[in-house]
Every structure is written in C-alpha cells, then in structure tokens.
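The values are calculated or read from the model by the stated rules, or taken from the named source; none is laboratory data. Here the structure is a predicted model, which means the values were calculated and not measured. Virtual Cβ from ideal backbone geometry, glycine too; neighbours counted across all protein chains shown.
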Amino acid sequence: MPIPTSIQRGHILKAMRHIDRQTPRYPTKRESTVYDLHEAGKIYPPKYVLSIANRFANGIELHGFKGGAQTNNFLIARGLTDIRDKSTGKRISIVPEDEDDANTYPEGKKSFVRHRKLERNSKLCRKAKSQRLKETGDLACEVCGFSFQKRYGPIGVGFIEAHHTVPVSTFKGRRITRLEEIALVCSNCHRMLHRVHPLPRIADLRKMIRVKVLAASA
C-alpha cells in the first residue's frame, strides 16, 4: 500500500522525538534490516518512524507498506536525507520505484484491476472525450491544464487519459458508471493520482500543484 501523503516533515520529527522518549527506543521486531535513518546524531528505523508519524498525521499507526525505495524516497522528499545502508554505511539517494500500480493501489490489487477496467471502458471514455471536445475544442488535463494537441501537434490530437474518480470500495454490488465520474487527465497527473493514498480528488492534486508553484515563486 502507498504511504499516506498527509504525513509531512513535522509529523516525522514528532515521531522521532516520541521514539527518543521511549525505553527501549523501539521494539526489537521493528529494527531496521537494510537502511538506517540518521538525524541529529541518532539512528532510527525508517519504517518504524513512518509508522509512528502516521499516528500524528492520521491517528493510527501505519502497517502494511513497503520499506526500501518507497520509504526512503518518501523520507528524502520531506527533507530527511541522511539515510544509510547498514552494511556499508554509505548514504543513499533517491532510487527509481516499481511502476506497477497494482502493488501500491490504496484499495488492493483486486480493486485496482476493477478500477483500471472502468478507466479503460472505451465506450464511456470516448463519450467523455467527445463531450469535452464539443464544449472546449480541446482535451486539456483537468489537473494541470496540459494539452497533448498543443504540445505535440497532430500526433496529440484527440489524446487524453481517462481516470475513474469514485473509489471502488464505495461500490455496492453492480452499478453503472456515470459520465461525470470520468476525469480527463494527462499521463503524468494520472500516474500521480494513483500514487496518493487515499485516492485523491482531482481538486486535491490540483491544489498540490498550485502550492508547489507558489512555493517555487516565493
């Protein structure tokens, strides 16, 4: 499962202070096996830190997420960059992650398969795209505004990806997907929507981009 993006640097620092007050600092079974997080002269197990950080961010300890690249990248992205290989002591950097969304989808692999099947319902997706073209004359991403046609010319005409906005967990039996449940997004935003836990609204990802842009221009 993906690590909740609601966990921020402040939650992680609180988790470290919480760990420092414990005796012992962390359970034997929660020790790190491959990587250590170093901060202010102290050493922490990365996964355990995020488990506790989620308690501050979302009220419960986090379980079931992957260590390694997923955990390390998450920490590095939030400014906790001194993560070292236990066997060599070498400091690591951001590493590529697996692109298989089924392994990190918030509702599990079975729900992921169903979700993607809905996104690939060609009849419904064509209808959504046709309606957007009729209204605006273009297929711009609902998150970032990117247009394949404007960027790539003729090869981008008519292209956009469809994203199903309703979490599969809310389904009760068989149901008909409504046209308004299909969002049209660029490939980049589509991938990012699948990386956030829980599955975000289009407006949520749009806000993330806006905050990032404002921070960069400040």
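Inspection of region 41-59 finds no residue satisfying the criterion of being of a type outside the set (A, V, I, L, M, F, W, C), touching a Ser or Thr at 6+ places or on another chain (Cβ under 8 Å), exposed (fewer than 15 other Cβ atoms within 10 Å of the Cβ) and free of Cβ contacts under 8 Å to residues at least 40 places away in the same chain. Applying the selection to region 81-118, what residues are in a loop (DSSP other than H, G, I, E, B), modelled with pLDDT of 70 or more and acidic (D, E)? Matches in region 81-118: D82 only. The condition (being closer than 25 Å to I209 by Cα, of a type outside the set (A, V, I, L, M) and in the same structural domain as L205 (by TED's automatic domain parsing)) is satisfied by just one residue among S130, S147: S147. Residues of region 1-49 being part of a loop (DSSP other than H, G, I, E, B) and within 30 Å of F112 (Cβ to Cβ), which ones? Within region 1-49, M1, P2, I3, P4, T5, S6, I7, Q8, S32, T33, V34, P45 qualify.
Among residues of region 143-166 that are touching a residue at least 60 places away in the same chain (Cβ under 8 Å), those with a beta-carbon under 7 Å from a residue that is surrounded by 18 or more Cβ atoms within 10 Å (Cβ to Cβ) at least six positions away or on a different chain give the pairs V143/V185; V143/C189; V143/L205; C144/C186; C144/C189.
Screening region 1-34 for residues that are within 22 Å of the chain's Cα centre (by Cα) and of a type in the set (S, T, Y) and picking the one that is surrounded by the most Cβ atoms within 10 Å (Cβ to Cβ) gives T5.
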